[in-house]
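Single-structure report; data block below.
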Amino acid sequence: MKKTIVDLFECSVKQYPGNTFLLEKTKERFEPATYAEVKEQVYTLGAGLGALGVKKGDHMALLSEGCNAWIISELAMFYAGAVNVPLSIKLEEANDLLFRLQHADVKYIMVSSYQLKKIRAIIDQLPLVEKVIVLNGQPATAEGKEITLAEVTALGDQWLQDHPLEEFLAIGQSLRNDDHATITYTSGTTANPKGVILTHRNYTANVEQSLTCVDIDSSWRTLIILPLDHCFAHVVGFYIFMSKGASVATVQVGRTGVETLKNIPVNIREIKPYLILSVPALAKNFKKNIEQGIRAQGKTVTALFNLALRAAIRYNADETSRAVRMLLKLPVALFDRILFAKVRRNFGGELRFFVGGGALLDKGLQEFYYAIGLPMYQGYGLSEATPVISTNGPRRHRFGSSGVLVQPLDLKICDADGRELPNGEKGEIVIRGENVMAGYWKNPASTAETIKDGWLYTGDMGYMSEDGLLYVLGRFKSLLIAGDGEKYSPEGIEEALVEQSPAIDQLLLYNNQSPYTVALLTPNKEYLKKRLAQQHLDLHTTEGKEAAIRIIQEQINRFRKGGDLSSLFPDRWLPAAFAILPEAWTEQNGLVNSTMKVVRGKVEKTYMSRINHLYTPEGKTPLNPENMKSL
């Protein structure tokens, strides 16, 4: 059965024409736009894109903060038959943007005025690009390729007056399930990330699958606080709500990223969402703000809140007996009324639950939110799966698990040789379903490695419990996961750091949903001694050790902004702190295998205390006592 995103949108408009679809705040208050009103805007812009020269199959990039124009632009692209290449506004490096735009063969760019300077800086290197459409504000007329959204919309108005509507609609209706909808770039280990090709059916199938786990109806509303290019926000925050005739609000865009972040709590209170999507970094930030607010009310309130929290966590724990639960029921209900209800009002007062994705949520974080009456349900997925694979929800929830599988979906757990393992045994999570990507754009080798006989090999480790819950344990191979859920492979970065840094013999990066990446390294003492001798220093003295640490830091800094190797890797993947270790990793101490490859798990386990130290203020400073002692 044919079901594209265009079909999904048309169906929703037909069923819910008068329902509020989009909510946006540009001045004093959020202004609603109904499904019927959004359809008119989508048609006009879609016709304008066609009049501008956009053809079926053309690739268009979208670089913007979350707003109505983002959502309307993507839908309009589909009506024009185009493929969207959504780009993250976090991409600060010109090379990061340039690679994606060149690699994806982008012909048209839709960009917000806030992001326009990034495109202007590289437009001369993009000969394929025919037009840059500025979503808001007036572009400088000197820029030959630039045109405003208003001008494109005017072209669409005129085109629709001169042609029958059926002629315009025929393009969107000609799309088939297997036609490409988006190419989303995931993070690579070098300057070459991979473009995940998602088809129209990938999206509509994942919408259907996700709705087997979460019940929403046309009365629901959400505020999307994640970037819209984020696959999770795209499907769960936008398309699932659209399919049900529900309402979607976006955060008020500030003049700066910080200003936009400050608008989030204000907008939550204004919109009163029923559901919010989150990632661990945001969840931790909300928790920190709640705790700061409690502490500001004095010691008595803080002590009472902590007591209430402990009681509610015990009450909700899976292992708590029925008798204990009965004893705690009354005090927990009282605490909820006098304390937790006030906290919930800061989230609008109507929030039913959060859904957490992007990376694994800390169990303690889940317990905290559940205790205050705002359950944060752990989900699991990845871009290559469009992205939802499993989730906890109101119907079924288990702390520490990633919930039940969406339906229909096949899942198996495999060992390193691809053999299927029984329930309870840990291995790589492998899935098959209509949500599995079409492949990586212009990368057949990686596609063949990742998809075998229709099965997607996720690279994540986990197991299925006997009662049908998925437990995700982290990396199957060596993918690192940042605090915002971004996954990246460390090997290429580690090799380059060692190769280009003569002061470093061995190096291992670590990030397991942490605020920043850190490194464990063994130094090349002979090289350091020679460098120190030139400065008339000795490695055995305090002054000499400090100078040696600065040499190591300088060599790592070559990869950072301003360094001669800064174009190789995004700054956020480089170590923000490093631990110098007292001995090398060898076969003798079991930290290197027979093929001389570092045994990552053993190194991490052996030096976990040093890793933890790197996430303290003292440890983040290179000239810390531990580093001095190791030298």
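Here are some notes:
- Residue under evaluation T320, criteria (1) in a helix (DSSP H, G or I); (2) without any contact (Cβ under 8 Å) to a residue 40 or more places away in the chain; (3) β-branched (V, I, T), criterion not met: (1)
- Condition check for K629: loosely packed, with under 12 Cβ neighbours inside 10 Å, at pLDDT 90 or above and either out of contact with any Pro (no Cβ under 6 Å at 6 or more places or on another chain) or not charged (D, E, K, R) (or both): yes
- Entirely in segment 567-631, the helices (runs of 4 or more DSSP H) that have 1 or more residues that are more than 33 Å from the chain's Cα centre (by Cα) and in the same structural domain as A519 (by TED's automatic domain parsing): 625-630
- Listed by first and then second residue, the pairs linking a residue in segment 10-37 that is assigned by TED's automatic domain parsing to the domain that holds N68 to a residue that is aromatic (F, W, Y) and assigned to a loop (DSSP other than H, G, I, E, B), with Cβ atoms under 7 Å apart and 6 or more places separating them unless they lie on different chains, are Y35/Y16.
- Scan of segment 408-467 for residues that are among the acidic types (D, E) and either at pLDDT 95 or above or part of a loop (DSSP other than H, G, I, E, B) (or both), ordered by number: D410, D415, D417, E420, E425, E434, D453, E466, D467
- Residue within segment 503-518 that is at positive phi and touching a Pro at 6+ places or on another chain (Cβ under 9 Å) present: yes
- Criterion applied to L261, L275, L282 was being of a type outside the set (V, I, T) and modelled with pLDDT of 95 or more, and the one residue passing it is L275.
- Selection status of V253, farther than 27 Å from E208 by Cβ and either crowded, with 16+ Cβ neighbours inside 10 Å or touching a Pro at 6+ places or on another chain (Cβ under 7 Å) (or both): yes
- Matching residues in segment 402-450 - criterion: being surrounded by 19 or more Cβ atoms within 10 Å (Cβ to Cβ), under 18 Å from G379 (Cβ atoms) and not aliphatic (A, V, I, L, M): S402, G403, G433, N435
- In this structure, I276 does not satisfy being touching a Gly at 6+ places or on another chain (Cβ under 6 Å) and buried (at least 19 other Cβ atoms within 10 Å of the Cβ).
- Here R558 meets the list (1) surrounded by 19 or more Cβ atoms within 10 Å (Cβ to Cβ); (2) under 30 Å from the mean Cα position of the chain (by Cα) almost entirely, failing just condition (1).
- Residue that is farthest from A121 (Cα to Cα), among those in segment 40-98 that are at pLDDT below 95 and polar (S, T, N, Q): S88
- Residue identified as part of a helix (DSSP H, G or I), under 36 Å from the mean Cα position of the chain (by Cα) and closer than 20 Å to H397 by Cα among R314, R325, R337: R314
- Those residues of segment 274-293 which are β-branched (V, I, T), outside any helix (DSSP H, G or I) and more than 13 Å from D362 (Cα to Cα), in sequence order: I276
- The numbered conditions (1) at pLDDT 95 or above; (2) surrounded by fewer than 22 Cβ atoms within 10 Å (Cβ to Cβ); (3) closer than 26 Å to G433 by Cβ are all true for R269 except (3).
Residue by residue, here is whether (1) at pLDDT 85 or above; (2) surrounded by fewer than 14 Cβ atoms within 10 Å (Cβ to Cβ) holds:
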| residue | (1), (2) |
| --- | --- |
| E554 | yes, yes |
| L565 | yes, no |
| R572 | no, no |
| F578 | yes, no |
| L591 | no, no |
| S594 | no, yes |
| R600 | no, no |
| V603 | yes, no |
| M608 | yes, yes |
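- Only one of D105, D179 that is among the charged types (D, E, K, R) and at positive phi: D105
- Hits in segment 298-334 - residues which are surrounded by 12 or more Cβ atoms within 10 Å (Cβ to Cβ) and more than 12 Å from A371 (Cα to Cα): V301, T302, L304, T320, V324, R325, L327, L328, P331, L334
- Out of I216, I225, I197, I240, one residue alone is outside the structural domain of C67 (by TED's automatic domain parsing) and touching a Gly at 6+ places or on another chain (Cβ under 6 Å). It is I197.
- Scan of segment 201-247 for residues that are among the hydrophobic types (A, V, I, L, M, F, W, C), within 21 Å of L91 (Cβ to Cβ) and in a loop (DSSP other than H, G, I, E, B), ordered by number: I225, L226, L228
- Scanning segment 107-133 for residues that are outside any loop (DSSP other than H, G, I, E, B) and under 23 Å from the mean Cα position of the chain (by Cα) turns up I109, M110, V111, L116, K118, I119.
- Residue match in segment 527-536 (condition: in contact (Cβ under 8 Å) with a residue 60 or more places away in the chain and among the charged types (D, E, K, R)): no
- For the condition more than 22 Å from the chain's Cα centre (by Cα), modelled with pLDDT of 95 or more and among the basic types (K, R), R352 qualifies.
Okay, residues lined up against (1) surrounded by fewer than 19 Cβ atoms within 10 Å (Cβ to Cβ); (2) assigned to a helix (DSSP H, G or I); (3) on the phi < 0 side of the Ramachandran plot:
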position	(1), (2), (3)
K27	yes, no, yes
E40	yes, yes, yes
T44	no, yes, yes
G57	yes, no, no
K90	yes, no, yes
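The values are calculated or read from the model by the stated rules, or taken from the named source; none is laboratory data. Keep in mind the model is a prediction, meaning the values are calculated, not measured. When we count neighbours, we look across all protein chains shown, and the Cβ atoms used for this are built from the backbone with ideal geometry, even at glycine.
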